[in-house]
Amino acid sequence: MDGIELYEYVIEIISPTAVLSGTKLQKIDYIQRNNKIEVIDILRSLKDEESLSLFEKRDYNLEALHKLFEEKKLNYKIKYTTEFTGSSGKKVIGGEIFEHIKSAGRVYIPGSSLKGAMRTALTRAANYDSKYKKYLNEKVAKLKVSQDNRKTSYEFKNIDTEIEERIFGDPKSSPFKLISISDTSFVKADKLTVSEVGVYRIPLQNTTVQPILQLYVETLPPGVKFKGKFSRKYKDLYKQNALVNEISILDKIKEKIRESNDKLIEKELNAVKKNQKLKKFYEDLREINHEKNTFLLRLGFSTGYLSKVAVSDIDEQFISDLRDLVKITGNRMRIGSNFPATRKFVNDNTGSPIQPLGWVKMVMWSSK
């Protein structure tokens, strides 16, 4: 196609990854049998006359119906079965499981998630720290004198987008409009696992440290692969006018993302260096980051503040401005001197943190 560079890509999951659908599985939606999670297809199950009759007799009580399924006193249909990889012998506490996004029951990664991760990595590598911090400081100063005193989380949630627009311009003039990433191919839902995710204080001391909170999440396990397509419009089409700002950010994409990852990996490695399992993970990840023709992205649920912000060096002034922004907008986030003070890790079957979430490897080649 004239004016467009076309590529194909393969994504490989390096650490458990979840792009959430916005919904959760409740206790009545599944049955846990040891380390297996059976997700029930309620509608298909109720097509069975015996099940429907008992459901009516129990006054349409789903919990009563679920108990009959669990005790195998009634036949039921299963949408898919996943493996529970959390603490051995433990039940899902609280019953809720965050769901991975699916289409017609099949699992995929949206192209928008991949593009967002790429955009953040490229922006971080371009060393816009001074601009980002300057605009954040100006935003906080403006909010302090604003006549609108309503406390809203909108300002906080959208601050990164607003600052990036000040750097790159509005979406019509952003260099990222020149790249397009398709949604990935699909895999079956039974490829998913249910991970036990712990929230831990940083720096992490050892493998026996206890989490301050636990969550349960459908994740794609390491080794799962997806395919997709990537395109980039020829930059020469835009160089003769001012239609696109900061267009050089799209040069040498792989090299810049590797540079960005080096910074992020070193920060994370420093936070977990006393934990041997996580230390080894990040040391191995550092090697993968420099494999030929590949680059890493971090995306999805619970990947942490550092993975989602374009700033490489979080200094005292940045923390001070962020603390003021949180206070002004009524956000509940705690901003201490060691911000960000927590990380989320996937636990192994002993209940020990073993991997962070959301690292994927992308291999891309021309499809001419």
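Numerical summary
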{"item": "Residue 274 under 22 Å from residue 213 (Cβ atoms) and either basic (Lys, Arg) or touching a residue at least 12 places away in the same chain (Cβ under 8 Å) (or both)", "result": "yes"}
{"item": "Residue match in the stretch 31-38 (condition: surrounded by fewer than 16 Cβ atoms within 10 Å (Cβ to Cβ) and assigned to a strand (DSSP E or B))", "result": "yes"}
{"item": "Single match in 109, 97, 159, 93 (criterion: in contact with a Phe, Trp or Tyr (Cβ under 8 Å, 6 or more places away or on another chain) and modelled with pLDDT under 80)", "result": "93"}
{"item": "Identity of the residue in the stretch 117-156, loosely packed, with under 12 Cβ neighbours inside 10 Å, at pLDDT 75 or above and not aliphatic (A, V, I, L, M), that ends up nearest to residue 175 (Cα to Cα)", "result": "130"}
{"item": "Residue in the stretch 2-10 that is modelled with pLDDT of 90 or more, in contact with a Gly (Cβ under 9 Å, 6 or more places away or on another chain) and closer than 30 Å to residue 354 by Cβ present", "result": "yes"}
{"item": "Residue list for the stretch 334-356, filter: modelled with pLDDT of 85 or more, assigned to a loop (DSSP other than H, G, I, E, B), over 12 Å from residue 305 (Cα atoms) and of a type outside the set (Ser, Thr, Tyr)", "result": "348, 349, 351"}
{"item": "Matching residues in the stretch 159-182 - criterion: being in a loop (DSSP other than H, G, I, E, B) and surrounded by fewer than 18 Cβ atoms within 10 Å (Cβ to Cβ)", "result": "169, 170, 171, 172, 173, 182"}
{"item": "Selected residue (only one of 347, 338 is crowded, with 17+ Cβ neighbours inside 10 Å and among the polar types (S, T, N, Q))", "result": "347"}
{"item": "Criterion (farther than 23 Å from residue 144 by Cβ, assigned to a loop (DSSP other than H, G, I, E, B) and not basic (Lys, Arg)) met by exactly one of 307, 312", "result": "312"}
{"item": "Selection within the stretch 2-23 - under 29 Å from residue 233 (Cα atoms) and either hydrophobic (A, V, I, L, M, F, W, C) or within 18 Å of the chain's Cα centre (by Cα) (or both)", "result": "4, 6, 10, 11, 12, 13, 19"}
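The values are calculated or read from the model by the stated rules, or taken from the named source; none is laboratory data. Predicted model only: the values in this text are computed from it and were never measured. A quick note on method: Cβ atoms are made from the backbone with ideal geometry, for glycine too, and the neighbour counts reach across all protein chains shown.
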